[in-house]
Amino acid sequence: MPNRPSPDSDGRTIRLEVSDLDRSSAILVRSSPHLILPMHTQAMQTGGKGRDALASKEAFSALASARVSMHTSGAGELFATQVVELLSTQLARDLISQRLKSAPETTEALSQILEEPSGALDDGIRLLLSGRPAEAVQAMLQSAGDLKKYGVTIENGSDTGHPLWHACNPFFHLWRQAEHDPHVQSQWRDDPLPREGASLEASIQDFETWKPWAAPLVPVIKDLVAEIDQPSPVLLDLGCGHGFFTRLLQLEGALPAQALFGSDYHPDRIARAHELLSASDAGQFFTTDLLAETFLQTVHDRVRPDIITALMLTPCFDDDTIETVIARIANLGARYIVNVDTGSAWPRTNGRMDEPNLFAGHGYRMRRYVWYKAPLTATNRHDAALPLKAWPNQRLVVHERAD
Ligand SMILES: C[S@@+](CC[C@H](N)C(=O)[O-])C[C@H]1O[C@@H](n2cnc3c(N)ncnc32)[C@H](O)[C@@H]1O
């Protein structure tokens, strides 16, 4: 139990078991977001048991939500002060330095970047590497200067594929060693999903925010379309969600609306995907369940795709079903499969580096892959210092049917 109870916004006292932190965080973040970090700080000060405070990846979702709420309500500076307090605890310092010791390739990459022409985060990196994460955050929040060099990808070791600026953030190192429930598929099927019930206008706004992430995929698809030596090639976006990618492909002129199909487990996502693709037929968007025996038939009744895209779909499956899922995707017989996966687990996704081998076992050879380059810019510069809910290293893999 945290040793010092803290008052909530109405001056009442709250007492929490450390084991309740994740659940309580979710409630507190809605009512009193400014209490999240003090609560975690207290837990971190309670010795061995305090380790639980940031031991689960769920805890980082609460911290990230508190960051957004406090920023929106003008309490961004208070949030930064609280972050510094949390990182000043002995336990946070110990956990971060243990993590850095166990990731020598990452510390090497951080040291090497200091040898290049100076940048805005250099002082913060020096402080982080010398075991002073709280001071590192203060330095990174205050400094100005060039940010571009921190967008390079870490090439070796356990953080391969992450942009270097992830590793500048002390919270990234706490997050990397936090535990994660690997049973993610049930969350997609049973739990309320983020952004569910959003209005059409809100979805269009979300699409605009999401678009820069997916933009590098568009030329990849255009090149594959050009290679298919037949009239009117057809693309199926599996796990299409709200249909952002099919909308992007239409708006960017990769394929006409009639050639774009999408499917997902959730009927409301399918309905929104149809709404977001102008001039589409409702039949182009249909529900499927990759865990159902009938999957192949359901898809082939609607479309025989030349290209399949699956963006962050395979990470939604548990280890005991991924082989079946990949076999089912491969059985659809598309000439190309463009898959986006991740090496890092989040609360709702699993991280796996071996998926190309699984596709190879089902008749597809990997043509190329590229790590997504997530840039650090003036807009997201504080992401190098403050908590996020996840730090994904996403990978785009192009597979070609081997025959
Ligand atoms: C991480 S989201 C990605 C959405 C979209 N591709 C994107 O990149 O924005 C994964 C999507 O896969 C869908 N999904 C999860 N399990 C599925 C299943 N068993 N069958 C079909 N779709 C599933 C989810 O409903 C969700 O829309």
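A few comments on the model shown:
- Dividing the summed -39500 (n - 2.57) terms of all DSSP H runs of n ≥ 4 by the residue count of the chain sets its mean residue ellipticity at 222 nm at -12500 deg cm²/dmol.
- With a threshold of 24 Å on the Cα-Cα distance, the over-threshold entries among LYS211/LYS373; LYS57/LYS149; LYS101/LYS148 are LYS57/LYS149; LYS101/LYS148.
- Given their separation in residues at 0.36 nm each and the Cα-Cα distance between them, ASP281 and ASP301 gain 5.7 nm when the chain is fully extended.
- Nearest-0.05 FRET efficiency for ILE204 and ASP319, computed from C-beta distance (R0 35 Å): 0.45
- Proximity of backbone amide H atoms, modeled 1.01 Å from N, is registered between ASP318 and VAL184, GLN185 at under 5 Å, excluding neighbours fewer than 5 places apart on the same chain.
- Sum of side-chain charges, ASP341 neighbourhood, beta-carbon under 13 Å (Lys, Arg +1; Asp, Glu -1): 0
- Exposure proxy for ASP159, ASP146: other Cβ atoms within 10 Å of each Cβ, ordered fewest to most, give ASP146, ASP159.
- Distance histogram in 5 Å bins (all Cα pairs of the range 152-280, percent per bin): 2, 9, 15, 16, 14, 15, 15, 10, 4, 1, 0
- Distance from the Cα centroid of the range 290-343 to that of the range 81-107 is 39 Å (rounded to whole angstrom).
- Charge tally in the Cβ shell below 13 Å around ALA271, where Lys, Arg are +1 and Asp, Glu are -1, ALA271 excluded: -2
- Global form of the range 95-140, assessed from the alpha-carbon gyration tensor, a/c cut-off 1.5: oblate
- Stretch gain in nm, segment ARG401-VAL370, where the contour uses 0.36 nm per residue and the Cα spacing is subtracted: 9.3 nm
- Near VAL218: Cβ cut-off under 12 Å, other residues only, Lys/Arg at +1 and Asp/Glu at -1. The net charge is +1.
- Applying 0.36 nm per residue to the separation of THR72 and GLU155 and subtracting their alpha-carbon distance, the gain on full extension is 26.3 nm.
- With R₀ fixed at 22 Å, the C-beta to C-beta distance from ARG189 to GLU252 puts the FRET efficiency at about 0.10.
- Ranked by how many other Cβ atoms sit within 10 Å of their own Cβ, fewest first, the residues CYS316, CYS240 fall in the order CYS316, CYS240.
- With the simple spin-label model, which puts each label point 7 Å out from Cα in the Cβ direction, the GLU196 to LEU129 separation comes to 4.7 nm.
- Residues with amide H under 5 Å from that of TYR364, placed H, sequence gap 5 or more: ALA402
- Here the dipole of the range 96-176 is about 280 debye; that uses its Cα centre as origin and unit charges on the Cβ of Lys and Arg (positive) and Asp and Glu (negative).
- Residues ILE329, ILE154, sorted so that the one with the fewest Cβ neighbours within 10 Å comes first: ILE154, ILE329
- Rounded if a/c under 1.5, otherwise prolate or oblate - the range 185-401, Cα gyration tensor axes: rounded
- Amide H partners (placed H, <5 Å) of SER56, local residues excluded: GLU179
Here, each number is a calculation from the coordinates, and none is a lab measurement. Everything quoted here is computed from the prediction, not taken from an experiment. Neighbour counts run over all protein chains shown; Cβ positions are idealised from the backbone, glycine included.
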